[in-house]
Structures are given as C-alpha cells and as structure tokens.
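Comments concern the structure below.
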Amino acid sequence: MSEPPLLRMPLHLLSIVLSQLDNTTSLASAIFSHSSLFAAFSEDRDRIIRTIFRNQIPPALLGYAFLTSRASSPDLDRCDFDNIGNCFSDFYFDFNFGCRVREHILTSESPLDVRLVNTLSRTHAIIEHFTRDLVQDTLPLARTELGLRGKHGATDLEVFRIQRAMYCFQVYCNLFRHPYDRPQRRRLGTVLAVYFFGENYSPWVHEQLACIHDYFERVLSRAFDEVAAHDVEWGYKSINWLAVAGWNEHKQGYLFRGLDFLYELDTAKTYDERREILGDSPPRTRHMLGTTLWKDGSTRSWWDEWHYFWEYIDTVSYEKHWFRFNIISPSDDAHWSGPFRMWRIAHADCWREDIIFHLDHEWLRRCGYVLWDFPEALFTDDELRERILQGRQKAWIDRFRRNDGQLKSRIKHSRRERAEIYKRGGRGYWSEGNLSRIVWTEGAPS
C-alpha cells in the first residue's frame with residue numbers, strides 16, 4: 001500500500017506543515033504517527049515548537065500564560081508572601097497596561113524549555129475549549145436577554161476578556177491551593193489584594209472574573225448536580241447541590257482544583273466516569289472566588305467619596321481620581337468601554353459593597369453582561385437599564401425556585417431514602433422507584 005502524498009514530501013516541507021498545527025498536543029500525536037513526521041520534527045524541533053506556540057497564544061495573553069505557570073511552580077514558596085509578590089513583578093505584571101512577558105523567552109537565541117512550552121500550550125488549549133463553550137452558551141442569551149444585536153460571534157477583544165479572566169481564575173487556584181493555616185491565609189489574602197485580585201483591578205474587570213466563576217460553576221454543576229441527586233453515598237452525606245457560589249462549600253472546593261480538573265470532568269462521557277472523577281468525599285472550602293470576590297466588593301466600600309463616583313466619572317474630576325479605579329489599559333476596559341458602561345448602569349443604585357458579585361446580578365452574569373461591547377450608537381442608557389432590571393427579576397425568580405419548599409421536601413425525601421440504602425450496604429446510582437443500578441456490598445436485602 002502506497003504512502004499518502006503528504007508523507008512523501010521533503011522533510012523541510014513537512015516541518016512547515018507541522019509548525020501550523022494548533023497546539024503541542026496535536027504535534028505530539030502527529031510526530032508519533034509516522035516516522036517521516038518524526039524525522040521532520042527532529043530536524044527542526046525548536047523552530048516548529050516556537051512557531052506553534054506563537055501562533056497559539058496571542059501576545060496580549062502571553063504574560064498571563066507565563067504567570068499562570070509560575071503560580072503553579074513547586075519552587076514557589078507560598079508561605080513567603082514577598083516571594084508571591086515577586087511572582088507577579090518577575091513577569092512585568094503591570095496593572096495599568098496588562099501582563100507582559102520578557103521578549104527573550106521566545107527568541108531563537110534563548111534556550112527552549114520544552115516542558116514549560118507544553119504546559120503553557122495545554123493550558124491555553126483548555127482555555128480555548130472553554131472559551132468556545134462559553135461563547136456558544138452565553139452569547140445567544142446576551143442577544144435575547146440584553147438585546148445584543150448584529151453579533152454572529154465574539155470579537156477578538158471580547159475573546160481576550162474571556163480568556164484573560166480564565167487565566168486569572170487559574171492563577172487564583174494555583175496560588176491558593178495550598179494548606180495554609182488561618183493567619184497565613186489571611187495575610188496572603190492581603191498580598192493578593194495588593195498585587196492581583198484586589199484594588200489593582202477595576203471592579204468591572206473583577207465582575208468579568210465573576211462571570212467566569214459562574215460559568216465554571218455551571219460546568220461543574222452539569223456533573224455535580226447529577227451525582228448529588230442520584231448517588232447513594234452522596235445522599236447519605238447530604239451533599240447540597242442547590243446552593244451556589246460561596247454558599248456551596250463543596251462546589252467551591254471542586255472549583256479550586258482548576259482548569260485541568262474541570263476539563264477532565266467536562267469531557268467525561270458517562271455518569272460513572274463523572275462519578276469517579278468527583279470521588280467519594282467532596283472537598284470543602286470557604287476561600288474560593290465565590291467568597292473572595294464578594295469580600296473584595298465589600299472592602300472597596302472604604303474608598304473615600306466612592307458614593308460620589310458617578311458624579312466624577314463623566315467629568316474632569318475623573319482624571320483626578322483615576323487611581324481609584326485602576327484601568328487595565330486605555331483600549332480594553334477603560335471608562336468609555338462597553339463593559340464599564342454596562343457595569344456603571346447596573347450598579348448606579350447599588351450599595352457600595354455590592355459593586356462586585358452582587359446577588360441580584362446573577363442572571364446578568366449568566367449572560368456575560370460585562371464581557372460584550374455595547375456601542376453607545378446602538379444602545380441607549382435607558383434601554384440597557386431596562387434590560388438590567390429585567391435581569392434582576394430573573395435572578396430573584398431563580399433564587400425563589402432554589403428555595404421552593406416542595407423542591408426541598410423532595411430532596412430531603414431522596415436523601416433519607418438513599419441514607420437508608422447506604423446503611424443497608426447499598427452503593428451506586430439511585431432513582432425514584434428504581435433500584436436496579438444499586439450495588440449491594442453484602443447481597444441484596446430481602
């Protein structure tokens with residue numbers, strides 16, 4: 001049987017083909033599929049990997065990618081709080097102009113760290129997977145609920161906002177996923193507030209991170225809610241799946257495991273696979289973003305003259321007080337951008353402590369309301385305000401449904417029945433009136 005024409009090409013042309021692959025995972029699959037491809041890769045390894053890496057990760061996100069990797073490094077002393085601060089400054093992390101990385105890392109003169117590049121490439125591939133899913137899941141809602149018009153897909157700037165927030169989510173997981181004692185955790189929270197997750201980011205940019213948190217919670221809930229509603233052992237342990245954000249310590253504990261875990265869970269095909277990934281003992285934490293973001297909004301309430309902010313923002317006084325609102329960059333999320341305008345209108349009547357992760361804006365975050373651009377030429381303030389009020393009403397309805405007495409009564413009945421089965425030695429999948437998938441450890445009871 002003759003070889004395909006591609007494999008009969010000269011090695012230097014095969015290397016060009018390999019350099020156009022999407023990521024290093026695809027590269028690995030390709031080079032181990034045929035000896036000709038492996039030979040082409042071996043002849044020009046560094047150039048192929050560098051080209052793939054440059055094509056895969058946009059320059060504006062490169063600093064965040066390296067920072068995410070640095071935050072996960074086993075060499076990083078997470079109890080040395082000055083060292084954590086240096087973790088950011090080492091990568092030219094500038095809150096006014098984004099996160100930049102030293103250029104020499106990607107030049108042909110510098111040594112290539114293949115392991116690091118593979119890690120960065122894999123993380124960005126996961127982020128691209130979730131970006132596609134989020135846009136597909138959220139953008140149609142933004143059209144119907146927020147009136148977003150003329151959009152057939154996310155713009156490059158909107159994709160940048162989504163992926164920047166996903167990197168920030170992962171940095172948070174990498175830094176905080178450490179067995180701190182209580183004083184250490186309190187002090188580290190201060191460091192993060194100064195260097196990354198606090199005052200150095202604008203509140204409307206933090207609200208973008210809140211949108212991403214809620215999205216990842218929905219990704220988790222696809223599997224978590226099913227297991228919590230049907231697994232015998234989880235029923236015995238009374239695992240709650242209705243509560244969200246900081247009110248569900250189990251979901252927050254799973255979110256803490258980060259993007260790799262969420263990707264594995266999201267791509268699992270069967271209930272049994274998802275149950276195995278989640279494990280028998282759900283983790284618990286009060287230190288994930290569901291709590292931190294809300295607290296960040298509360299701590300900002302001490303800002304002088306914050307309640308006069310709306311009088312400053314469209315006047316010359318804004319220039320005088322710009323340092324209070326820490327713009328990421330003049331073009332991405334400045335005070336004339338779509339996200340800021342939407343956030344400002346949504347919070348015009350809110351208390352100061354509700355400027356981030358406001359409970360009444362749960363449905364707005366479901367629509368990604370600060371991720372999209374709303375041009376002033378197409379959307380008046382009154383139109384956006386009406387959409388925001390409608391979104392609040394839907395958030396109230398959702399909260400009411402989660403607290404419905406009949407639903408809670410059915411859940412309690414389910415837990416009691418599963419607890420009895422567990423005590424009698426039953427394990428596995430339970431459903432109302434059907435015990436066919438229960439596995440009995442000592443034989444089925446009579």
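Of the numbered criteria (1) within 25 Å of Gln184 (Cα to Cα); (2) free of Cβ contacts under 8 Å to residues at least 60 places away in the same chain, the one Pro4 fails is (1).
The residues of the stretch 129-152 that are assigned to a loop (DSSP other than H, G, I, E, B) and on the phi < 0 side of the Ramachandran plot, listed by number, are Leu148, Arg149, Lys151, His152. Scanning the stretch 357-409 for residues that are among the basic types (Lys, Arg) and either loosely packed, with under 12 Cβ neighbours inside 10 Å or within 30 Å of Trp241 (Cα to Cα) (or both) yields Arg365, Arg366, Arg387, Arg392, Lys394, Arg399, Arg401, Arg402, Lys408. Screening the stretch 44-128 for helices (runs of 4 or more DSSP H) wholly inside it with 2 or more residues that are in contact with a helix residue (DSSP H, G or I) (Cβ under 8 Å, 6 or more places away or on another chain) and modelled with pLDDT of 80 or more returns the ranges 45-56, 59-71. For the stretch 165-197, a residue qualifies if it is within 17 Å of the chain's Cα centre (by Cα) and at pLDDT below 75, and the qualifying residues are Phe196, Phe197. Selection within the stretch 233-287: residues that are free of Cβ contacts under 8 Å to residues at least 40 places away in the same chain and in contact with an Asp or Glu (Cβ under 8 Å, 6 or more places away or on another chain). The member of this set that is surrounded by the most Cβ atoms within 10 Å (Cβ to Cβ) is Lys251. If I ask for residues that are closer than 13 Å to Ala228 by Cα and in a helix (DSSP H, G or I), which ones from the stretch 417-441 would you list? Correct list: Arg418, Ala419. Of all residues in the stretch 13-41, those that are in contact (Cβ under 8 Å) with a residue 24 or more places away in the chain and small (Gly, Ala, Ser) have Cβ atoms under 7 Å from Cβ atoms of residues that are surrounded by 14 or more Cβ atoms within 10 Å (Cβ to Cβ) and not in a helix (DSSP H, G or I), 6 or more apart or on another chain, in Ser15/Asp44. In the condition set (1) at pLDDT 95 or above; (2) within 24 Å of Arg401 (Cα to Cα), Tyr263 is compliant with all but (2). Across the stretch 341-356, the qualifying residues are those that are at pLDDT below 85 and under 26 Å from Thr131 (Cα atoms), and the one among them that is surrounded by the fewest Cβ atoms within 10 Å (Cβ to Cβ) is Ile355.
The values are calculated or read from the model by the stated rules, or taken from the named source; none is laboratory data. Just so we're clear, the structure is a prediction, and the values are computed from it rather than from any experiment. Cβ: placed from backbone, ideal geometry, glycine included. Neighbour counts: every protein chain shown.
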